1. Any residue at all in region 358-370 that is at negative phi, not polar (S, T, N, Q) and not in a loop (DSSP other than H, G, I, E, B)?
2. What are the pairs with Cβ atoms under 7 angstrom where one residue, in region 337-354, is on the phi > 0 side of the Ramachandran plot and the other, located anywhere, is aliphatic (A, V, I, L, M)? Sequence gap at least six, or different chains.
3. Any chance you could count how many residues in region 147-156 are surrounded by 21 or more Cβ atoms within 10 Å (Cβ to Cβ) and more than 30 Å from residue 110 (Cβ to Cβ)?
4. For region 121-134, state whether one or more residues are surrounded by 19 or more Cβ atoms within 10 Å (Cβ to Cβ) and either under 21 Å from the mean Cα position of the chain (by Cα) or aromatic (Phe, Trp, Tyr) (or both).
5. So if I check each of 332, 337, 294, which one is over 19 Å from the mean Cα position of the chain (by Cα), among the polar types (S, T, N, Q) and surrounded by fewer than 18 Cβ atoms within 10 Å (Cβ to Cβ)?
6. Could you check region 358-384 and list, in sequence order, the residues that are among the acidic types (Asp, Glu) and either at pLDDT below 80 or surrounded by 17 or more Cβ atoms within 10 Å (Cβ to Cβ) (or both)?
7. Take the residues in region 221-234 that are touching a Gly at 6+ places or on another chain (Cβ under 9 Å) and surrounded by fewer than 24 Cβ atoms within 10 Å (Cβ to Cβ), then tell me which one is nearest to residue 151 (Cα to Cα).
Amino acid sequence: MRLPSLRNGLLLAGSVVALAVGASPLLVVGADHLDAPALGGLTTGGAYNPPGSLHSDHGDRDINDVYVFQGSNASRTALVMTTNPAINLFGGSFGTNVRYILNVDRNGNAVQELAYVFRFGAVQNGAQNYTVTRYTGANARTLRTGVQIAWGSTAGSGIAGQTKDGAKAFAGVRSDPFFFDLSGFVGTVLGLGTDHLGDNPTDFFIGLNTNAGVLEVPDDALGDGMIGVWGQTQYWDNGMWHAADQMGRPAINTVFNTPLVGATGTTKNQFNETPPSQQRTAFNGQFKTNVVNTLMNINAALNTGCDDYDAATAGAIANILLPDVITYDTTTAANGTHLNGRALADDVIDAELGITTNGCVTSDGVGPHSDYMSTFPYLGTPHP
């Protein structure tokens, strides 16, 4: 097996899934894109069929990525959540029955003390009105009583025309900032097609668009220094709100809750419904067990010739990767490769991949996009 360094949670996801005994491989296509069966769109069987494999049956509640980084100056922080993969191929609006939540933990207990929620109105003339509401304290968990801090429309620039408390907000279509050599991955790891990692690396996501919600606020609105951030979606059905998707760091659910370690699709769905503060212990510690077992077996399963971790080291790493929350010191610039926030150009999966494989595989050969913007809303303009 060819082993150039590999580069994304997608690699690990596909590696682990494809190696499951007796299981059909699942083509999982991004950091968190289509990470669980409840979101729809996973391709089963041996066919490699992008872009069709990117389709999500519930794209309006499917989180692609979450980013946290320094805003327009050192006293501000930007929070970003992208949803609905490949909408320039399949279309897709923000859900009118979906809450798009950016949660903030202020004291390190993986429980939100602050939440910013995007809500959207019906599509009219191709655009949607939106609001951003801030919830604090117990209300950040119940979402009962909050304060609107931004009003706008996805039409035009998408930037909110009315804001308060120093906030900036954007909602609309942008270039997907995610980058990865998908075709090389499926050739090397799944044995599908003729491409291999290291053979003229091609970024599969370079021409794709996504929906995005971007919020920039003063650092003092978030807390003192170190915070934890994760994205969450909920949808309204039958008179109540239901958990849909959830993510902090890229690829955690995609990679570790897989058939290689005895997990099932249900486990992935359960992970998306489990609050971060409970992820180490929920379901008799199943999620932590999945991480530990993957770390102790991934190189043997891939036949890389590299050593896997022992149980003690795997357990220590699992306690870093769980809970699935992006930690960020707002007094610094983001450096996702050192688990401090996540900027758009940070090659965070290189770092995670190196950690997961005990330093055996580290890059797929493609780098950040060239269309990131230096000014708000930071994500590149949509592709035609």
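The values are calculated or read from the model by the stated rules, or taken from the named source; none is laboratory data. Quick caveat: nothing in here was measured; it's all calculated off a predicted structure. Neighbour counts are summed over all protein chains in view; Cβ atoms, including those assigned to glycine, are modelled from backbone coordinates with ideal geometry.
1. Scanning region 358-370, I find no residue that is at negative phi, not polar (S, T, N, Q) and not in a loop (DSSP other than H, G, I, E, B), so the answer is no.
2. Qualifying pairs under 7 Å: 341/68; 341/326; 341/334.
3. Looking only at that region, the number is 2.
4. Taking every residue of region 121-134 in turn, at least one turns out to be surrounded by 19 or more Cβ atoms within 10 Å (Cβ to Cβ) and either under 21 Å from the mean Cα position of the chain (by Cα) or aromatic (Phe, Trp, Tyr) (or both).
5. Among 332, 337, 294, only 332 is over 19 Å from the mean Cα position of the chain (by Cα), among the polar types (S, T, N, Q) and surrounded by fewer than 18 Cβ atoms within 10 Å (Cβ to Cβ).
6. Residue satisfying the conditions is 364 alone.
7. Per the stated criteria, the residue is 221.
Residues are listed down the side, and each one gets a yes or a no for (1) touching a Leu at 6+ places or on another chain (Cβ under 9 Å); (2) surrounded by fewer than 19 Cβ atoms within 10 Å (Cβ to Cβ); (3) modelled with pLDDT under 95:
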| position | (1), (2), (3) |
| --- | --- |
| 136 | yes, yes, no |
| 145 | no, yes, no |
| 161 | no, yes, no |
| 187 | yes, no, yes |
| 191 | no, yes, yes |
| 213 | yes, no, no |
